[in-house]
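Here is the structure we will look at.
The values are calculated or read from the model by the stated rules, or taken from the named source; none is laboratory data. Everything numeric in this text was worked out from a predicted model, so none of it was measured. We place every Cβ from the backbone using ideal geometry, glycine too, and count neighbours over all the protein chains shown.
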Ligand SMILES: [Zn+2]
């Protein structure tokens, strides 16, 4: 059972991991906590945005859109490797996923195939949206991959988690394909190295 970090603690951890962090508006109090619980937290989820342009991407992730109000994550990782904090608390990023996957994340075991959408993920995962078109062609610059690695590692370090607590949206919710363009296995390997 892990309680979420405070917003200040979250910011400090990201900076301590060497990240360039941009605070967007009143991100510390922008959340969906009025719609359901936030915590206990069990892991970190990585997404791609299907957008182009950092300004537009950050704005969308903060505000959301018709039918899905923001924040759509906690941090937006743009192609330049900066982390833009758009919200803190419950955020609309993980949706309903597989309870078997959640159990595996908690136990830090190999993930089963996600074939059920029966569990509230927004309650249990920190979320990072990463600027990418998600078409398998749009490149992932090294600065951005490095920032994903550092952001995930920062959270794992705080909670005493291994790289197995970091999952892609595609590993959680049936039908999702994000992130596309790198594998979560390769990202977890990077995070494992960083946590050594
Ligand atoms: Zn996603």
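Numerical summary
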| quantity | calculated |
| --- | --- |
| Hits in the stretch 80-99 (condition: in contact with a strand residue (DSSP E or B) (Cβ under 7 Å, 6 or more places away or on another chain), under 16 Å from residue 173 (Cβ atoms) and either within 16 Å of the ligand (Cβ to nearest atom) or assigned to a strand (DSSP E or B) (or both)) | 91, 92, 93, 94, 96, 97, 98 |
| Number of the exception - residue 47 against (1) touching a helix residue (DSSP H, G or I) at 6+ places or on another chain (Cβ under 6 Å); (2) under 28 Å from residue 183 (Cα atoms); (3) more than 16 Å from the ligand (Cβ to nearest atom); (4) not in a loop (DSSP other than H, G, I, E, B) | (3) |
| Filtered residues of the stretch 164-178 (kept if part of a loop (DSSP other than H, G, I, E, B) and out of contact with any helix residue (DSSP H, G or I) (no Cβ under 7 Å at 6 or more places or on another chain)) | 173, 174, 175 |
| Any chance residue 179 is within 16 Å of the ligand (Cβ to nearest atom), modelled with pLDDT of 95 or more and surrounded by fewer than 22 Cβ atoms within 10 Å (Cβ to Cβ) | no |
| Given (1) in contact (Cβ under 8 Å) with a residue 40 or more places away in the chain; (2) away from the ligand (no atom under 16 Å from the Cβ); (3) within 17 Å of residue 39 (Cα to Cα), number of the condition residue 191 does not satisfy | (3) |
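Conditions (1) more than 19 Å from residue 161 (Cβ to Cβ); (2) surrounded by fewer than 22 Cβ atoms within 10 Å (Cβ to Cβ), marked per residue:
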{"site": "51", "(1), (2)": "yes, yes"}
{"site": "54", "(1), (2)": "yes, yes"}
{"site": "69", "(1), (2)": "yes, yes"}
{"site": "75", "(1), (2)": "no, no"}
{"site": "95", "(1), (2)": "yes, yes"}
{"site": "106", "(1), (2)": "no, yes"}
{"site": "116", "(1), (2)": "yes, yes"}
{"site": "121", "(1), (2)": "no, no"}
